[in-house]
Amino acid sequence: MTLASQVGATECPSKFLKTGAIVFDLVTICITNEVPTEKVRHAAHVTAQWLDNNQDGEIDEIRLKPSLLENRPNLLMSAHGFDAFQLIAIEKGLGDRIGQDLAASETAPSQGRDASQEEIHHLIFMAGWEHMFPRSFSAVPEDRSKLFSTWRSAEKNGFYDYDDPSCDAECKVVEFFYLATAAYLGSQTDVAHDELFLKTRIELKQNLPDIIKLVESKAYHYPRYKWPDGHYSFNKNIQLF
């Protein structure tokens, strides 16, 4: 067991959570006892695919490492969702770490959408991309990033509409960028609803070229090769507990 693994094993924010997996020694997956092993494995493989999207065994954007090490991202998995008391305990225990919850029941279900791609993308985006490249990806309005401006343009021109009243501007930017990534990488399931009205990479290029510039910029290596499907070949980058 590596030093990172030893640290990771103590990284879960509450006593009712244990370490289920560590991916690239950077992302810790914390689970309740009821989460099946196959669900943990799937989430770990999706995590690896977001970090190593061209699947060559190495992280695509090595400059994310400092931000991920600093923010210590936790993917928090329960069987069917945490109750209010558990969420309070998790929030208190996280401290300055960044966490994202994911239910096993919505992870690689036999029918319906697999939520793991979205929740893990949110986690890596918040803990890595927007911290490391704020001028491009920050979701904070005051930062006036390229992504924030693109989201605002998408809403203004009727290409995106997220009407959850609990979701502020920063939240909407995060949701928007995930859906834009889904459309770019060809996930028809994730763009089937009426939030993002541009459903394909071609439609993004025709109507929202600034998002294409963000995804394809040569200034960094953003995931643009493969939609994560939970099939990752390099087991050396994933530690299952």
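Odds and ends about this structure:
- Total charge dipole magnitude, region 29-104, about the Cα centre, Cβ charges on Lys, Arg, Asp, Glu only, Debye to nearest 20: 180
- Rounded, prolate or oblate (a/c below 1.5 giving rounded, otherwise prolate when a/b exceeds b/c) for region 1-118 by Cα gyration tensor: oblate
- Here the accessible area is traced with a 1.4 Å probe on the protein chains. For the chain, carbon and sulfur cover 49 percent of it.
- Environment charge at ALA169 (Cβ cut-off 10 Å; Lys +1, Arg +1, Asp -1, Glu -1): -1
- Three-way shape call for region 92-167 based on the alpha-carbon gyration tensor, with the a/c threshold at 1.5: oblate
- Solvent-free Debye scattering, log10 I(q)/I(0), computed from the Cα coordinates of region 184-241 at q = 0.24, 0.30 Å⁻¹: -1.04, -1.27
- Per-residue packing, averaged as other Cβ atoms within 10 Å, sorts the ranges 179-189, 123-133, 100-110 into the order 123-133, 179-189, 100-110, beginning with the highest.
- Placing +1 on the Cβ of every Lys and Arg and -1 on the Cβ of every Asp and Glu, with nothing else charged, gives the chain a dipole about its Cα centre of roughly 640 debye.
- Along its first, second and third principal axes, ordered by size, region 131-218 spans 36, 31, 21 Å in Cα coordinates.
- Region 148-163 and region 63-133: distance between their alpha carbon centers, rounded to Å: 25
- Backbone geometry of region 113-126 corresponds, through the Karplus equation with coefficients 6.51, -1.76 and 1.60 at θ = phi - 60°, to 3J(HN,Hα) couplings of 6, 8, 7, 5, 4, 5, 5, 6, 4, 4, 4, 5, 4, 5 Hz, x marking Gly and Pro.
- The alpha-carbon of LYS199 sits under 27 angstrom from the alpha-carbons of these lysines, leaving out residues fewer than 8 places away in its chain: LYS146, LYS156, LYS172, LYS213, LYS218, LYS226.
- Taking every C-alpha pair closer than 8 Å and separated by at least 6 residues, the mean separation divided by the residue count of region 43-111 gives a relative contact order of 32 percent.
- Mean Cα-pair separation over length for the chain, i.e. relative contact order, pairs under 8 Å, 6 or more apart, %: 23
- Heavy-atom accessible surface of the chain, averaged per residue, reaches 49 Å², computed with a 1.4 Å probe.
- DSSP beta bridges confined to the chain are antiparallel in about 50 percent of cases.
- Computed helical MRE - 222 nm, the chain, DSSP H runs ≥ 4 contributing -39500 (n - 2.57), nearest 500: -11500 deg cm²/dmol
- With Cα atoms, 0 to 90° folded angle of helix 84-94 axis to the chain main axis: 90
- As a rough guide to protection, the peptides 146-154, 19-27, 201-209 ranked by mean Cβ packing within 10 Å, highest first, stand as 19-27, 146-154, 201-209.
- For region 1-101: relative contact order, % (alpha-carbon pairs under 8 angstrom, 6 or more apart): 29
- The convex hull around the C-alpha trace of the chain, projected and averaged over every direction, spans 12.6 square nanometres.
- Straight-distance crosslink candidates among aspartates and glutamates, where the alpha carbon sits under 15 Å from LYS92 and sequence neighbours closer than 8 are dropped: GLU11, ASP83, ASP101
- Tilt relative to the chain, helix 146-156 - C-alpha long axis, 0 to 90 degrees, to 10: 60
The values are calculated or read from the model by the stated rules, or taken from the named source; none is laboratory data. Bear in mind that the values here come from a model prediction, so they are computed numbers and not experimental data. All Cβ positions, glycine included, derive from the backbone under ideal geometry; neighbour counts span all protein chains shown. Note: areas computed on protein heavy atoms with side chains; ligands, DNA, RNA excluded. Shrake-Rupley method; radii C 1.70, N 1.55, O 1.52, S 1.80 Å.
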